[in-house]
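Here is the structure we will look at, set down as structure tokens.
None of the figures in this text is laboratory data; all of them are computed from the coordinates on show. What you see is a predicted model, and the numbers here were worked out from it, not measured in a lab. Here the Cβ positions follow ideal geometry from the backbone for every residue, glycine too, while neighbour counts run over all protein chains shown.
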Amino acid sequence: MRWGKRRLQRRLPVCGLCGDRLSNQTTKEVGVIPNLVFTKGEIMNEQKLKKQNRLVVIILLLLLVAGLAIHQYFNYALRPVDLANQQRVTVTIPRGATDDEVARILKEKQLVRSAYVFSYYLQTHKTKGVKAGKFKLARTQSVPQIATELQSSRAAKR
């Protein structure tokens with residue numbers, strides 16, 4: 001008998017505006033709009049759904065901001081290091097050097113802003129391998145210009 005009363009109490013409708021439990025008599029007398037009368041379980045499910053939706057939107061916004069920040073950093077790192085300095089720097093690329101080693105050499109000579117970005121650029125835009133030899137590069141050159149020059153055999157002096 002008690003179990004039946006609890007079950008009945010759970011099914012009593014709850015006002016969507018104030019959250020009060022409503023009896024069948026109250027809903028008939030007041031004339032509550034059917035769309036605004038919810039059971040307690042429906043209100044909880046709706047609240048959970050709203051929280052989940054907010055969480056999904058926040059995560060998507062964070063991913064969007066992180067993606068834009070990474071894109072901006074890569075664009076910054078692809079630009080020339082120093083537009084005012086026209087002086088050429090001699091760089092020696094050893095035979096059999098990997099993309100990461102070439103990037104580290106260029107970073108040490110201050111010809112690129114980021115060794116990681118240069119290495120990534122070489123891996124994604126490589127038409128030919130980086131040639132071994134001596135190259136004269138300027139700090140006014142961008143990463144794409146340096147990569148093109150390092151991949152051409154004419155620029156390499158042995």
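By the gyration tensor of its Cα atoms, with a ≥ b ≥ c the square roots of the eigenvalues, what is the shape of region 102-150: rounded for a/c under 1.5, prolate for a/b over b/c, or oblate?
Since a/c stays below 1.5, the shape of region 102-150 is classed as rounded.
Between Gln47, Gly129, Leu61, whose Cα lies farthest towards the positive end of the dipole of region 46-158 when Lys and Arg beta carbons carry +1 and Asp and Glu beta carbons carry -1, centred on the Cα centre?
Final value for the positive-end residue is Gly129.
Extension gain Lys109-Thr90, at 0.36 nm per residue separation less the Cα-Cα distance, in nm?
Residue separation times 0.36 nm, minus the Cα-Cα distance, leaves 6.0 nm.
Under a Cβ-only charge scheme (Lys and Arg +1, Asp and Glu -1), can you give me the dipole magnitude of region 88-151 about the Cα centre, in debye to the nearest 20?
Taking the Cα centre of region 88-151 as origin, the dipole is about 240 debye.
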